[in-house]
Amino acid sequence: MQELLLITPPVTSQPANANVCVATPLKRRRGKCMSRRSGQTGHEEKSGKWYVVRFWMDVPGQEDRRLVRVRICPISGPGALSATERLRKRKEVITASGADSVGHLEKVQAANYGVTFQEQANEWLTYMKTRKRKPVAPSTIETWQSCLNKWLNPYLGDMPLSVVDNDSVRELVSRMTDANLSPKSISNYVQVVMAVVGSAKDRKTRKRLYPVVWDYEYLDMPVVKKSEQHRPVFTGETVTRIVAATKPKNQMLYVLCASTGLRIGEALGINIGKHISPDCSTIVVREKAWKGQIQSFLKTDNGAREVDLHPSVAEMLRRFIGNRTSGLLFCTRNGKPLSLSNILRRSLHPLLEKLGQPKAGSHAFRRFRITWLRKNGVPRDLENFWTGHAPETVGDIYSKLKDDVEFRKTVAENAGLGFEIPASGCSIVPNVPKIAVGDVREVAVSC
């Protein structure tokens, strides 16, 4: 008789079902989605002397919806409605609340994600720095960053982006007004707030998550009056005194700014070999200097232009250049662009104080030049071309005076300067870079 051999499996510490898959695995909860909702008509019930409608509403800060209740009409008496009218009223109440709208759901979801104003501002600023379509100048980025650091982040930074609306910005405007900020400064700060809030968009639909309708009347925004903005301008007598009293190394710079209307960054970005005609009668504006760096783009597309010089300025410029054939027209001993802050702090502002003139920046030269051109009846389209402004009318676009070089030079000579170049004896000593090649002499000019 054959014996049966019973094989006992080895005893292990693991449970018998250790390697057996669970028949019904736990499912992750699906996120909220308006497309899976069929819409609500609400539940009608009586509450005291009123008919009320109850419906579900998404709430910021929590995952589950909340049951809310809104009155429809009295049960009896004046204002009472029929069953059909109450049904229509229920739908109107739900629609007005936004409970079934995609926009409200997206706003709640964004609030639940915990995005703050400062986080969104950092994301917006990063995008503006790197975008290829309509790139933003570094100086503009720096201005926006200063706005965020000085006022916006300290006050709005920790707020959820969903609550940055007219109420919160109204209080911010009130604080800035109490701090005696100018209307233009307050407007600039609020524009940055609006840009940050508007930059929060759904990644797929590109719809704004917080479509705030900004109400300037409710914000109590101060009115920006152009007549009250601080726009200092030099007179011809002031320019004459500045040019006569300044040190030789800045004399040519001030003469060039006052006689051409160049922006100071454009003047500091002039390269002798690339931007000055052989006879020194025309300056080609293509680059600008900013914080010791040369940038190959200008403030606007219209900034790329040619500026014709008065013959006396052209002669002064030729002698200022001397034997140099390359490099920046105005530079340090190391060949780098001059610093605007150093020019203002060390030269222009002390000079204005010495002459008893109010404090002003380099743009006062530009305003002086435009004023002088209009006093002398220079054609407006030619003025816009020389100053880098956009055409104002269709006629400005049609006119081709800017292509007539001889006419431009004649107008520049006839218009004159509006100020006097110093008399004989003034010396023009350029900053010659140490890396300059060849025999470079300092030239004294009899103006």
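Within this structure, Tyr254 passes the test of being at pLDDT 95 or above and surrounded by 11 or more Cβ atoms within 10 Å (Cβ to Cβ). Taking the stated definitions as given, is Gln229 surrounded by 18 or more Cβ atoms within 10 Å (Cβ to Cβ), under 28 Å from Asn376 (Cα atoms), touching a Pro at 6+ places or on another chain (Cβ under 9 Å) and not hydrophobic (A, V, I, L, M, F, W, C)? So Gln229 does not fit the description; no. When Tyr155 is tested against (1) more than 16 Å from the chain's Cα centre (by Cα); (2) loosely packed, with under 13 Cβ neighbours inside 10 Å; (3) of a type in the set (Phe, Trp, Tyr), exactly one condition is not met: (2).
This table checks each residue for (1) within 22 Å of His349 (Cβ to Cβ); (2) more than 21 Å from the chain's Cα centre (by Cα); (3) outside the structural domain of Arg366 (by TED's automatic domain parsing).
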site	(1), (2), (3)
Ala195	no, no, yes
Leu253	yes, yes, no
Ser259	yes, yes, no
Lys274	no, yes, no
Ser281	no, yes, no
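Quick check on segment 257-267. Is at least one of its residues touching a residue at least 24 places away in the same chain (Cβ under 8 Å) and farther than 13 Å from Arg366 by Cβ? Checked against the condition, which is being touching a residue at least 24 places away in the same chain (Cβ under 8 Å) and farther than 13 Å from Arg366 by Cβ, segment 257-267 yields no hits at all.
Residue pairs whose Cβ atoms lie under 8 Å apart, sitting 6 or more positions apart in sequence or on different chains, and linking a residue in segment 74-95 that is more than 11 Å from Gly42 (Cα to Cα) to a partner that is part of a helix (DSSP H, G or I) and of a type outside the set (A, V, I, L, M), are Leu81/Lys89.
Out of curiosity, is Ile370 modelled with pLDDT under 95, crowded, with 17+ Cβ neighbours inside 10 Å and over 19 Å from Asp301 (Cβ atoms)? In short, no. Quick one: would you say Glu171 is among the acidic types (Asp, Glu), in a helix (DSSP H, G or I) and under 17 Å from the mean Cα position of the chain (by Cα)? When the stated conditions are applied, Glu171 does not pass them. Among what's in segment 47-69 and is touching a Phe, Trp or Tyr at 6+ places or on another chain (Cβ under 8 Å) and surrounded by 12 or more Cβ atoms within 10 Å (Cβ to Cβ), pick the residue that is nearest to Arg36 (Cα to Cα). Within segment 47-69, the match that is nearest to Arg36 (Cα to Cα) is Arg65.
Does segment 420-428 contain any residue that is surrounded by 12 or more Cβ atoms within 10 Å (Cβ to Cβ), modelled with pLDDT of 85 or more and under 36 Å from the mean Cα position of the chain (by Cα)? No - not one qualifying residue is present in segment 420-428. Taking the numbered list (1) in contact (Cβ under 8 Å) with a residue 12 or more places away in the chain; (2) surrounded by fewer than 16 Cβ atoms within 10 Å (Cβ to Cβ); (3) at negative phi in turn, Gly292 passes all entries but (3). Residue check: is Val437 at pLDDT 90 or above and either at negative phi or touching a Leu at 6+ places or on another chain (Cβ under 8 Å) (or both)? No.
Here Ile370, Ile343 are screened, and the one residue that is within 22 Å of Lys247 (Cβ to Cβ) and among the β-branched types (Val, Ile, Thr) is Ile343. Scanning segment 189-200 for residues that are surrounded by 15 or more Cβ atoms within 10 Å (Cβ to Cβ) and not in a loop (DSSP other than H, G, I, E, B) turns up Tyr189, Val190, Val192, Val193, Val196, Val197, Gly198.
The values are calculated or read from the model by the stated rules, or taken from the named source; none is laboratory data. Keep in mind it's a predicted model, so treat the numbers as computed, not measured. With ideal geometry, Cβ positions are generated from the backbone for all residues, glycine too; neighbour counts draw on all protein chains shown.
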